Amino acid sequence: NRTVKVELDGSVVSAALPLPNTGGYQNWTNTLVSLGRMEAGPHMLRLTANNDSFNINHLDLLLNADPGAGLSGQYFDNLDFTALKFARVDPQVDFDWGTSAPDPRLGVDTFSIRWAGEVRPRFSETYSFYVTVDDGARLWVNNQQLINQWADGPARTFTNTIALTAGRKYPLKLE
C-alpha cells in the first residue's frame with residue numbers, strides 16, 4: 001500500500017503511483033514517470049509518499065528538450081523490464097542486431113527495451129502502425145494497445161490502425 005505522488009512546479013504529474021514491495025532495502029525495482037515537456041530553466045520536483053517505510057536509492061532524469069529528437073529508450077538486462085541498465089534517446093527505432101545485443105551491458109537473448117514518446121499527426125485520419133520484430137512486441141498509442149504479440153518467434157510484421165486528430169500529441173509506448 002505504498003504510493004508516491006510526483007509533482008512538477010506545483011502541478012501533479014502522477015497521483016498515487018504504486019511502489020512495489022521488493023522484500024527488503026537491498027532489493028530494488030525501477031518506476032518510470034514521464035514529466036512531459038518542460039521549458040528551460042529551474043524547476044521544482046517533489047515526491048510525496050503516503051508511507052515512510054521505503055527508500056529511494058537514486059533518481060535518474062532523462063532530459064529530452066527537443067521533442068523531435070526521438071523516443072526515450074530504457075534498456076533492461078532481462079525480459080521482464082526490471083533490471084534497468086541504461087537509458088538513451090533513440091532518433092529512430094529501426095534496428096537489426098542480428099545475433100548480438102544492442103549494447104555490451106546486455107545479454108544477447110535476455111534483454112528488453114521500452115521506448116516512450118509522442119506522435120503528433122499532420123492530418124485527421126486513420127493511421128496504420130507497423131512493428132517488424134524477431135520475437136515479441138507490444139505497442140500502445142494514446143494508451144490503447146494496438147499490438148500485443150509478446151512471444152518468441154521468427155521475424156514477422158504486426159499491424160493495427162487507430163484514428164488520430166491532426167496536431168494533437170498522443171503518447172506512444174513500444175516494448
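The values are calculated or read from the model by the stated rules, or taken from the named source; none is laboratory data. Values in this document were obtained by computation on a predicted structure and should not be read as measured data. Heads up, the Cβs are rebuilt from the backbone with ideal geometry, glycines too, and the neighbour counts pull from every protein chain shown. SASA here: full protein model, heavy atoms, side chains in, ligands and nucleic acids out. Shrake-Rupley method; radii C 1.70, N 1.55, O 1.52, S 1.80 Å.
Things to note:
- TRP150 vs. criteria farther than 19 Å from SER72 by Cα, under 20 Å from the mean Cα position of the chain (by Cα) and either free of Cβ contacts under 8 Å to residues at least 60 places away in the same chain or open to solvent by 60 Å² or more (accessible area, probe 1.4 Å) (or both): yes
- Residue selection: LYS173 satisfies the criterion of being surrounded by 13 or more Cβ atoms within 10 Å (Cβ to Cβ) and either of a type in the set (Gly, Ala, Ser) or within 14 Å of the chain's Cα centre (by Cα) (or both).
- Qualifying residue in the range 111-121 (condition: assigned to a strand (DSSP E or B) and open to solvent by 100 Å² or more (accessible area, probe 1.4 Å)): yes
- Annotation note: Cβ proximity below 6 Å between a residue of the range 120-134 that is farther than 13 Å from ILE162 by Cβ and a residue that is surrounded by fewer than 10 Cβ atoms within 10 Å (Cβ to Cβ) and modelled with pLDDT under 90 (sequence gap 6+ or interchain) occurs for ASP134/ALA155.
- VAL33 being among the β-branched types (Val, Ile, Thr), at pLDDT below 75, open to solvent by less than 70 Å² (accessible area, probe 1.4 Å) and closer than 27 Å to TYR170 by Cβ: yes
- Answer from ARG88, ARG156 - the residue that is under 18 Å from the mean Cα position of the chain (by Cα), part of a strand (DSSP E or B), charged (D, E, K, R) and surrounded by fewer than 17 Cβ atoms within 10 Å (Cβ to Cβ): ARG88
- For the condition more than 26 Å from ASN27 (Cβ to Cβ) and surrounded by 13 or more Cβ atoms within 10 Å (Cβ to Cβ), LEU79 does not qualify.
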